[in-house]
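A short worksheet on the structure shown next.
No value in this document is a laboratory result; all are computed from the given coordinates. These numbers come from a predicted model, not from an experiment. Methodologically, a virtual Cβ is constructed for each residue, glycine included, from the backbone with ideal geometry; neighbour enumeration extends over all protein chains shown.
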Amino acid sequence: MDIPRIFTITESAHRIHNPFTPEKLATLGAALRLEPGARVLDLGSGSGEMLCTWARDYGITGVGIDMSPVFTEQAKLRAEELGVADRVGFIHGDAAGYVADEKVGVAACLGATWIGGGVAGTIGLLAKSLCPGGIILIGEPYWRQLPPSEDVARGCGAHSVSDFLMLPELLASFNDLNYDVVEMVLADQDGWDRYEAAKWLTMRRWLDANPDDDFAKEVRASLTSEPPRYAAYTREYLGWGVFALMAR
Ligand code: SAH
């Protein structure tokens, strides 16, 4: 079981697979006023940076599930490196339908809401693992500016303008699901640069090391087209944030 290989190549050097910087991740952890010993579930945990740093900085315990064997292995190594391997665990698997055996105080899905079939479905899935009064975290894109055409939306990597909402509408959509938005931390363009531009050096180094790989043509094309595409579209139009929700 694995994710498409292109992600494993382009994001192999990322610790955070979304436009959050380490500072934003720490800000989010502090904003949630996590108690030591709080249990956190993370669906689509990537390379585990959220759980590992929150275990180190705030004393949480947690479990992450991710479909990428490469990222899951990196998460386990990171836990060892930060000395928190006794407090956080990482499972390689499909998080669709995953419900924790023991309920958690925080249930998160950052940048992977397709796991539950969209934002509403993922909130419903996370709610099954949550203690009463617990917090759900959803990391999701929104439009900073509404794309003036479907072509611009596609330039941002979306299928359609309707894939995402503007920030006020996204916040209102949580209301409609009967959740209070109790906190939010938003990425900025510098954070987008860290997420997107960091892929370019990784791609270049991978190409230099693997010139004859079947995938080299695709990675070469991507390295050529990505910087201007990113600057024209994603960087200008797409926002990203983590929204903390509590059921009413
Ligand atoms: N939350 C992490 C990773 C976000 S990237 C972070 O913010 O750094 C999206 C992640 O979802 C990738 O690590 C990918 O491997 C994982 N993923 C994709 N589909 C999945 C699925 N069905 N079940 C579990 N993980 C999945």
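Legend: translational diffusion of the range 22-167 by Stokes-Einstein, Rh = Kirkwood radius over C-alpha pairs, 25 °C, 0.890 mPa s; D = 154 µm²/s.
Compared with the alpha-carbon gap, the fully stretched path from residue 220 to residue 175 is longer by 11.8 nm at 0.36 nm per residue.
The smallest convex shape that holds all Cα atoms of the range 198-248, its convex hull, gives 125 Å³ per residue.
Here's the list of lysines a cross-link from residue 24 could span, going by alpha-carbon distance under 29 Å and ignoring same-chain residues fewer than 8 apart: 76, 103, 128, 199.
Projecting label points 7 angstrom from Cα along Cα→Cβ for residue 21 and residue 186 puts them 1.7 nm apart.
Here the Gaussian network model covers the chain, with springs between Cα atoms less than 10 Å apart; of 124, 93, 44, 124 fluctuates the most. Where the centroid of each part is defined by its Cα atoms, how far is the range 1-38 from the range 175-248 in Å? Computed from Cα coordinates, the inter-centre distance equals 12 Å. Segment residue 131..residue 1, full-extension length gain: 43.8 nm, with 0.36 nm per residue of separation and the alpha-carbon distance subtracted.
Just check the chain against the gyration tensor rule for me: Cα atoms, a ≥ b ≥ c as the square roots of the eigenvalues, rounded for a/c under 1.5, and otherwise prolate or oblate depending on whether a/b exceeds b/c. Here the chain falls in the oblate category.
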